[in-house]
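Contents: one structure, followed by commentary.
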Amino acid sequence: IKGKKTDSFMVFSAHYDHLGMQGNAMFPGASDNASGCSMILYLARYYSEHKPPCNMVFILFSGEEAGLIGSDYFTSFPTFDIHKIKMLVNIDIMGDAKNGITVVNGEVFKDKFDALVKINQEKGYLPEVRIRGKARNSDHYHFSEKGVPAFFIYSMGGAGFYHDVFDKANTLSLTNYENTAKLLIDFVNR
């Protein structure tokens, strides 16, 4: 989505794959990561109706569960100059943010993390925005390794079904889902 300034990009990403079938067990992946994909679609719809401050890119990767394959490929063969990305925010596990969110790479990009926390304190969207260091645990990783500022944000709360056969749509409360979206929108706009 073209923004007011077209010389840089803000990127939101998520992965749409999950574990699938393992033997006779089905791992639906409602929170991990259908909920993250739905957040990306929510943000894409919002920015299609509200002109963003810079160009917005929304990417849904596959192969995250198999070793970050989609994001590794994209950063090796990008469709645009990834060094023009102001910030990438990778979204995962948005099923219940009753206790807030955790920001992987918050310690690495502390100024951007502090800006996110300040917005949350001003608006009171979430109970907590927790900081975490660098980790190779989702699709943000290959971007940050190539020098792109990148966060990986996941929610804290709920039943916590992670890589579990009970990670189904009916187990998600979506507590603070919209507040998380509002926080991300304010972060982009600031």
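Residue 180: open to solvent by less than 10 Å² (accessible area, probe 1.4 Å), in contact with a Lys or Arg (Cβ under 6 Å, 6 or more places away or on another chain) and of a type in the set (Val, Ile, Thr), yes or no?
For residue 180, the condition - open to solvent by less than 10 Å² (accessible area, probe 1.4 Å), in contact with a Lys or Arg (Cβ under 6 Å, 6 or more places away or on another chain) and of a type in the set (Val, Ile, Thr) - is not met.
Yes/no matrix, rows are residues, columns are (1) of a type in the set (D, E, K, R); (2) touching a residue at least 60 places away in the same chain (Cβ under 8 Å); (3) assigned to a strand (DSSP E or B):
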{"residue": "55", "(1), (2), (3)": "no, no, yes"}
{"residue": "58", "(1), (2), (3)": "no, no, yes"}
{"residue": "70", "(1), (2), (3)": "no, yes, no"}
{"residue": "74", "(1), (2), (3)": "no, yes, no"}
{"residue": "95", "(1), (2), (3)": "no, yes, no"}
{"residue": "101", "(1), (2), (3)": "no, yes, yes"}
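Which pairs have Cβ atoms under 8 Å, sit 6 or more apart or on different chains, and link a residue in the stretch 174-190 that is assigned to a loop (DSSP other than H, G, I, E, B) to one that is of a type in the set (S, T, N, Q)?
Sorted first by the residue in the stretch 174-190, then by its partner, the pairs are 174/35; 176/155.
Need the failing condition index for residue 49 against (1) modelled with pLDDT of 95 or more; (2) crowded, with 19+ Cβ neighbours inside 10 Å, just the number.
(2)
How many residues does the stretch 118-138 contain that are open to solvent by 30 Å² or more (accessible area, probe 1.4 Å) and in a helix (DSSP H, G or I)?
Number of matching residues: 4.
Checking residue 2 against (1) charged (D, E, K, R); (2) out of contact with any helix residue (DSSP H, G or I) (no Cβ under 7 Å at 6 or more places or on another chain); (3) closer than 25 Å to residue 177 by Cα; (4) outside any strand (DSSP E or B), which test does it fail?
Only one criterion in (1) charged (D, E, K, R); (2) out of contact with any helix residue (DSSP H, G or I) (no Cβ under 7 Å at 6 or more places or on another chain); (3) closer than 25 Å to residue 177 by Cα; (4) outside any strand (DSSP E or B) is unmet by residue 2, namely (3).
Step by step: first the residues of the stretch 139-175, then only those that are crowded, with 17+ Cβ neighbours inside 10 Å and farther than 30 Å from residue 25 by Cβ, then the one that is nearest to the chain's Cα centre (by Cα). Which residue is that?
151
I need the full set of residues from the stretch 55-75 which are surrounded by fewer than 20 Cβ atoms within 10 Å (Cβ to Cβ) and within 25 Å of residue 185 (Cα to Cα), in order please.
Hits for the stretch 55-75 are 57, 58, 59, 60, 62, 74, 75.
For a quick check of your reading of the model, give me the residue pairs whose first member lies in the stretch 24-44 and is within 16 Å of residue 183 (Cα to Cα) and touching a residue at least 24 places away in the same chain (Cβ under 8 Å), whose second is open to solvent by less than 20 Å² (accessible area, probe 1.4 Å) and polar (S, T, N, Q), with beta-carbon atoms closer than 9 Å and at least 6 apart or on different chains.
Pairs found: 36/13; 36/90; 39/180; 40/13.
Could you list, in sequence order, all residues of the stretch 76-93 that are touching a Ser or Thr at 6+ places or on another chain (Cβ under 7 Å), open to solvent by 70 Å² or more (accessible area, probe 1.4 Å) and either under 27 Å from residue 176 (Cβ atoms) or assigned to a loop (DSSP other than H, G, I, E, B) (or both)?
86, the sole residue that qualifies.
The values are calculated or read from the model by the stated rules, or taken from the named source; none is laboratory data. The shown structure was predicted, so the numbers you read here are calculated from the model rather than taken from an experiment. As a convention, Cβ positions derive from the backbone with ideal geometry for all residues, glycine included, and neighbour counts pool all protein chains shown. What goes into the accessible areas is simple: the full protein's heavy atoms, side chains included, and nothing from ligands, DNA or RNA. Shrake-Rupley method; radii C 1.70, N 1.55, O 1.52, S 1.80 Å.
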